[in-house]
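So the structure is just underneath, and the comments pick up after that.
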Amino acid sequence: MSRSRPQTRVAYVRRVTQHNQRVGELGERIAERWLTRKGWRVVYRRFRNGHRDIDLVVRRDALVAFVEVKARSGARFGDPVEAVHYRKQRELARSARVWIDRHGRAEESYRFDVVGVLIAGERVLVKHVEDAFRVA
């Protein structure tokens, strides 16, 4: 006899996923505003390469930064910046190579930044880690 999962569990998973997606989208908007105020110009939002994506591609002078945004609603799961682990870094590097092949210019230099957004009630904390990791 096969057992199926209770319907409430599926609804709970769906609600959590939708909540996480909304927090992520809000985090990206906050990060974009933060970077713009710091003198960056957004040249691409959510650059997709297959199932991988780069949240923001920003430019200031001849420097292009590929930005991964991590947002959390509360500090329960730790610093959002710490969530960009080796596998995610590797995926970002692959997508960045595709972006450079399509849109890059010889005079540009490139780096990877991470922006962590922590939303705690009415407070929003932004942590911008410039040149967060290197790719060999």
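The values are calculated or read from the model by the stated rules, or taken from the named source; none is laboratory data. All values reported here derive from a predicted model rather than from experimental measurement. When we count neighbours, we look across all protein chains shown, and the Cβ atoms used for this are built from the backbone with ideal geometry, even at glycine.
The table that follows gives values for the structure above.
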| read-out | value |
| --- | --- |
| Single unsatisfied condition, A65 versus (1) under 20 Å from L26 (Cβ atoms); (2) crowded, with 17+ Cβ neighbours inside 10 Å | (1) |
| Selection count where residues are surrounded by 17 or more Cβ atoms within 10 Å (Cβ to Cβ) and under 14 Å from F133 (Cα atoms), scope the range 70-88 | 2 |
| Every pair of residues 6+ apart whose Cβ atoms lie under 7 Å, when the first sits in the range 21-43 and is in contact (Cβ under 8 Å) with a residue 40 or more places away in the chain while the second is surrounded by 14 or more Cβ atoms within 10 Å (Cβ to Cβ) and among the acidic types (D, E) | E28/D55 |
| Hey, A31 modelled with pLDDT under 90 and either within 12 Å of the chain's Cα centre (by Cα) or of a type in the set (D, E) (or both) or not | no |
| Residues (assigned to a strand (DSSP E or B) and farther than 19 Å from N49 by Cα) located in the range 74-113 | S109 |
| Unique residue being surrounded by 15 or more Cβ atoms within 10 Å (Cβ to Cβ) and of a type in the set (A, V, I, L, M, F, W, C) when the list is A96, A106, A120 | A96 |
| Odd one out for I119, checked against (1) at pLDDT below 90; (2) in a helix (DSSP H, G or I) | (2) |
